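J.: Just passing along the structure, written as structure tokens.
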Amino acid sequence: MKSPQPSPIRRKPLWRAASLIAAAASLAGCAPMPTGGSSALPSLGNVFKSGLSFSPSVNVAKNMEGRSINDAIAALGEPSRTRTVGNTVELEWSDYQTAPYTEWVTTGSSQQVVGMIPATNTTAATPVFQTNTTGHYQNRSRVYECKVLMQMQNSVIVSSSVDGNVCPEFIAALRKWAGENEANNYVVK
């Protein structure tokens with residue numbers, strides 16, 4: 001019996017994305033400039049070191065950097081916790097989310113001898129056991145905490161991050177805030 005092969009249709013977006021990344025990486029730093037130098041396209045390594053992430057929630061939170069604390073409070077409401085560290089104030093917005101998952105629940109097990117390892121003149125015969133478990137999958141719910149952390153200096157956000165799990169409500173609030181400000185011709189970084 002042959003195992004099913006993945007559909008070539010599903011691989012196309014992956015190959016397309018990989019080829020675009022490879023093309024961008026191969027062009028970095030090789031285009032001639034009129035002054036005789038070469039272009040300064042950033043390498044992919046430098047792009048990710050600067051804070052770009054594949055996670056849209058992290059990128060949305062990063063958009064608050066350079067904004068005033070009033071913008072963060074307008075987007076997310078009052079912080080759950082504040083803490084002073086040197087000349088920086090850490091602001092934390094936290095919430096609890098639930099996530100459904102399925103877990104195997106064992107209802108019983110049995111063990112039987114399925115063979116013997118023969119004895120030698122220095123060891124006794126050893127039984128080989130097989131354990132069979134019975135059970136079922138059960139739907140459960142997990143509660144987890146999610147946070148948006150921002151650091152402020154002189155009433156300006158200097159860094160922001162999503163700690164741990166994605167916070168859907170926080171990310172939606174940041175996106176809504178950014179959309180409203182863009183609609184009012186307020187440039188969002």
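The values are calculated or read from the model by the stated rules, or taken from the named source; none is laboratory data. In this text, all values refer to a predicted model and were calculated from it rather than measured experimentally. Using ideal geometry, Cβ is built from the backbone for each residue, glycine included, and neighbour counts are taken over all protein chains shown.
J.: Six or more apart or on different chains, Cβ under 6 Å: which pairs go from a residue in the range 86-110 that's under 22 Å from residue 139 (Cβ atoms) to one that's among the small types (Gly, Ala, Ser) and surrounded by 10 or more Cβ atoms within 10 Å (Cβ to Cβ)? Could you list them?
T.: Matching pairs, first to second residue: 104/135; 105/135; 106/135; 107/135.
J.: Continuing with the same structure: Are there any helices (runs of 4 or more DSSP H) wholly within the range 7-124 with 2 or more residues that are at pLDDT 55 or above, and if so which?
T.: 8-27, 56-62, 69-76
J.: What pairs can you find where one residue is in the range 134-151 and under 16 Å from residue 99 (Cβ atoms) and in contact (Cβ under 8 Å) with a residue 12 or more places away in the chain, the other is charged (D, E, K, R) and exposed (fewer than 12 other Cβ atoms within 10 Å of the Cβ), and their Cβ atoms are less than 6 Å apart, with a gap of 6+ or different chains?
T.: So the pair list comes out as 138/103; 140/103.
J.: Here is a follow-up. Does at least one position in the range 148-166 carry a residue that is exposed (fewer than 10 other Cβ atoms within 10 Å of the Cβ), over 20 Å from residue 70 (Cβ atoms) and among the small types (Gly, Ala, Ser)?
T.: So far as the range 148-166 goes, no, none of its residues is exposed (fewer than 10 other Cβ atoms within 10 Å of the Cβ), over 20 Å from residue 70 (Cβ atoms) and among the small types (Gly, Ala, Ser).
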